[in-house]
Amino acid sequence: MLPTIEVEIDAQGQVHPVGLGKQLPACRALLALLTPLANEESLLSESVLAEDWLKPSEDEAFK
């Protein structure tokens with residue numbers, strides 16, 4: 001199995017390991033770009049908000 005580490009990429013495109021505590025070795029790597037944290041938080045809260053949106057009182061409020 002391939003080792004996986006978390007990295008952050010700064011505005012200049014430099015890759016910085018998160019919590020690794022040592023420098024990355026010279027090697028080839030694959031990089032998967034994740035959505036920004038703000039979008040992730042929005043998606044995670046969507047199901048909680050949907051519970052409120054589906055209440056009959058919300059339908060009444062929009063009438």
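Quick notes on this one:
- For the stretch 26-45, the set of residues classified as modelled with pLDDT of 80 or more and not small (Gly, Ala, Ser) consists of Cys27, Arg28, Leu30, Leu31, Leu33, listed by residue number.
- Whenever a residue of the stretch 1-18 is under 11 Å from Leu31 (Cβ atoms), its partners that are open to solvent by 100 Å² or more (accessible area, probe 1.4 Å), lying with C-beta atoms within less than 8 angstrom and at least six residues away or across chains, give the pairs Val7/Leu31; Val15/Glu8; Val15/Leu31.
The values are calculated or read from the model by the stated rules, or taken from the named source; none is laboratory data. Note that this is a predicted model, so its numbers are computed, not measured. A quick note on method: Cβ atoms are made from the backbone with ideal geometry, for glycine too, and the neighbour counts reach across all protein chains shown. These accessible areas exclude ligands, DNA and RNA; they are computed on the full protein's heavy atoms, side chains included. Shrake-Rupley method; radii C 1.70, N 1.55, O 1.52, S 1.80 Å.
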